[in-house]
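Data first, discussion second: the structure below is written as structure tokens.
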């Protein structure tokens, strides 16, 4: 069989090298110019030998999602891998260790659960690893060699990667891993000579592999992030790890504080002091930050708050994805408390989107909640990101000399944005408070002042349109079916649209990383051009659909997927076809 | 009750089907060494020549196994049997319990001691995998060498001839001869092959094979050197019974069975080309080779495993017959 794309899953327990295996495969493919996406799933328990899987999808053309099902499963732990068999497509493969020293009861044997439509490849992984290195370590590398042969992939791309990764451990380690790879490859060549073929791209340039969290942290630092404060939480911690390592090189700071309340407090302090600052958390952390986000709104102190969403409520599902934090992001806070909410759809959006978030936050003196999610944040993907680096970037509206003479921090202006100075600058004397205040910043509880200030805070959002990242309409312009979604569901929906397109069904999608505010005119005209609207999202309530319904007065077909796994393109396609059938009836 | 069948050829699959037809509640596990669905081995040459397609090659489908609720475990093999514990051990050390066991592992072509040394250079021609490998190389194969004198060689010759390849056929004797052929064809087969353009080298045998840059070089006992892109050779065919080594089951070349296809071990049956059954006329144990015989033996074994008591009737005819299709019909003329 000739493959144009492949999805491979490594499954095992701690110590099996699951994540490192997928990284080697992913980087090898990316170096060879293939497009890649990697998704890790691991248990929430910190202790013990929990099961983990890492799935890699690679192809000659752009990969937008994890697709549906897998082609090959590498079961490094027999029992743990049994449950993964259900995801294997017909004619797929299972590689398992045939050199277990102990007897395996039928029920616990991975091989005994492989249906006849799937090919099982028993390979003495342990024996061959021992042969290569004198220890059981390296079973994953043996399996990689096997995989390489079974799918006709060029061994050199893997070997280069093995050398690169193990170089720092010395020649002995490099050579034993290369030997392990070769043994796996040769074993399959001898025992399963009839291999599949993979269509490699010729003359392809190497691609960069990046995660959403990597891109986000990189984007923030490239546009002037100087201060990060946070408290570790899955799946956002990686962002703090990156800034901790990289920000000092840019004369910046990262501090790990005692909790999320302290983190947002520190971020507001840094912005107040004139630095671009950010915190990153997940749902439970965002809940804790609500009060100080309100302070950011009221005191008009910029803030960038990244929420890498995971399953909720409460501590919920720490290692599973869900898009359940839209409501708290939009509405979580006392009083009329507008804030910018953005949701990137891929790593490129994470990079460019977070830069837009900083610009909006600083220019419009508002909190921006940047809603990534576990799938987007942790998945690796090949992206062609054009780096936009300006470490001194500032979009702050500064007062003129004249304005400084009688400085009014909350001056009522045409677009609602008042000039903002940094404390310590000449003439920079003003009060700042969470209490209602007048234009000088002094507390004031008069009704007309409160109304004027509230209007001012909302006015900023009305005037933000010109600075919002553009909306894209994707698909067939004349389609009667329109789709709206947000965040990381984009890729799966896009691929679902391609599936139905091949069956002659047209659809189009409105893609915007802006949740609030939105380019309402464009959204409205998109919805007006559709006979049927479908809204896909990964939560139970239909939080985005509720926002769209109230804003645009539409009655969409709502698809709520409270999800632990990434959205399936096939299921998206199924829904589009269902709606298409309704239209033709 | 759990019936485990080792071997997914015609004997094994027929036994599995027979058991399920008699009693659908019996759990049946069928273990096959090859990765594929059970296929008609005698149609492989037609498949090689694209005379038949995939669906005509396979004699059992995925739906067949689903419908009969037979657990088909393909791509796996058994390395030992423990008749006392009533368990088998698969090659990856999985231990499976059985109540009744059928051994239907067939036979395989073997090379003699001289050619065994050159096995990596010799293309086997017995399994679907072999055929698929040959198909993959077909466009670059021009010159072929064939050695061996059983019916599958004749079958192969017909296929290569049909594909327009240059064939050199090495035979030990003076004339090409194949056992179990219809008498009239047997007499003419040598001339028939020569008329087809096959270069026959008689009274000779390959003794050395060398791999050169792009070709193989076959040297014969009589110092002839033949260049080839592919070499097919085998000298005899033996039952696959290495996995019963160590188990207390009576065997000679094959596993010995009584007319009920029972072996000497309790609740273990055997059928097909891996067995030897007592032939009253020959007054000896005898391998009743061939597809129709294997199917009949599988049926009888299945019935007896399911609780019946049915004897196998020895097939007296020695004429080779492929489901009523004579071997000379293979030349597609």
Highest to lowest packing among B:84-93, A:341-350, A:389-398, scored as the average C-beta count within 10 Å: A:341-350, B:84-93, A:389-398
Looking at segment A:472-584, what % of its DSSP beta bridges pair antiparallel, to the nearest 5? 25 percent
Sorted largest first, extent of segment A:465-507 alpha carbons per principal axis (Å): 39, 23, 11
Tell me the relative contact order for chain A as a rounded percent, counting alpha carbon contacts under 8 Å between residues six or more apart. 12 percent
Place the peptides A:5-18, A:403-416 in order of packing, highest mean first, counting for every residue the other Cβ atoms within 10 Å and averaging per peptide. A:5-18, A:403-416
Set the Förster distance to 35 Å, then compute FRET efficiency between residue B:211 and residue A:202 from the Cβ-Cβ distance, nearest 0.05. 0.75
When a footprinting reagent is the concern and you count Cβ atoms within 10 Å, what order do B:96, B:261, A:1, B:133 take, fewest first? A:1, B:133, B:96, B:261
Projected label distance in nm at residue A:446 and residue A:89, using a 7 Å step from Cα toward the beta-carbon: 7.0 nm
Taking the alpha-carbon centroid of each part, what is the distance from segment A:1-59 to segment B:194-210 in angstrom? 52 Å
Could you tell me what percent of the DSSP beta bridges with both partners in segment A:210-382 are antiparallel, to the nearest 5? 10 percent
Rounded to the nearest 500 deg cm²/dmol, what is the calculated helix-only ellipticity per residue at 222 nm for the protein assembly as shown, with -39500 (n - 2.57) per DSSP H run of length n ≥ 4? -10000 deg cm²/dmol
P(r) histogram, all alpha-carbon pairs of segment A:162-202 included - 10 Å bins from 0, percent: 26, 32, 33, 9
Here FRET efficiency (C-beta to C-beta, residue B:56 to residue B:23, R₀ 41 Å, nearest 0.05) is 0.85
Find the relative contact order for segment B:110-237 and round it to a whole percent, using C-alpha pairs within less than 8 Å whose residues are 6+ positions apart. 35 percent
Suppose each label sits 7 Å from its Cα in the direction of the beta carbon; what would the residue A:258-residue A:314 distance come out to in nanometres? 2.5 nm
In peptide B:91-100, what is the residue-averaged number of other protein chain Cβ atoms found within 10 Å of each Cβ? 6
Please list, in order, the residues from segment B:201-237 whose amide nitrogen is less than 15 Å from a point placed 7 Å along the Cα→Cβ vector of residue B:174. B:202-204
Convex hull (Cα only) mean projected area of segment B:110-237, reported in nm² to one decimal: 7.6 nm²
I need two numbers for chain A: Rg to one decimal and Dmax as a whole number, Cα atoms only, in Å. 26.2, 86
Rounded, prolate or oblate for segment A:344-461? Axes are the square roots of the Cα gyration tensor eigenvalues, ordered a ≥ b ≥ c, and the cut-off for rounded is a/c under 1.5. prolate
For A:234-241, what's the mean count of beta carbons from other chains sitting within 10 Å of each residue's beta carbon? 0
Taking R0 as 45 Å, what FRET efficiency do you get between residue A:61 and residue B:99 from their Cβ-Cβ distance, rounded to the nearest 0.05? 0.25
Based on the alpha-carbon gyration tensor of segment A:210-382 and its eigenvalue square roots a ≥ b ≥ c, which shape applies: rounded if a/c is under 1.5, prolate if not and a/b is larger than b/c, or oblate? rounded
Among DSSP beta bridges lying fully in chain A, give the percent that are antiparallel, nearest 5. 40 percent
Where a ≥ b ≥ c are the square roots of the eigenvalues of the C-alpha gyration tensor, would you call segment A:80-167 rounded, which needs a/c under 1.5, or, failing that, prolate if a/b is larger than b/c, or oblate? oblate
Projected-area mean, segment A:369-435, by convex hull of Cα positions, square nanometres: 8.4 nm²
Take peptide B:67-77, look around each residue's Cβ out to 10 angstrom, count Cβ atoms belonging to other protein chains, and average those counts. 4
If one computes the Cα centroid of segment B:283-307 and of segment A:213-276, what distance in Å separates the two points? 76 Å
What nm value, rounded to one decimal, do you get for the distance between residue B:248 and residue B:84 when each label is placed 7 Å out toward the C-beta? 0.7 nm
Would you kindly compute the Cα radius of gyration of segment A:472-584 and its largest Cα-Cα separation (Dmax), both in Å? 12.8, 36
Contact order relative to length of segment A:405-503, as percent, for alpha carbon pairs under 8 angstrom and 6 or more apart: 21 percent
Where does each of B:170, B:6 land when they are ranked from fewest to most other beta-carbon atoms within 10 angstrom? B:170, B:6
Cα point-scatterer Debye curve for segment A:2-198, base-10 log of I(q)/I(0) at q = 0.17, 0.18 Å⁻¹: -1.15, -1.31
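Every number here is computed from the coordinates shown, using simple stated rules; none is lab data. Keep in mind it's a predicted model, so treat the numbers as computed, not measured. Note that we place each Cβ from the backbone using ideal geometry, even for glycine, and neighbour counts take in every protein chain shown.
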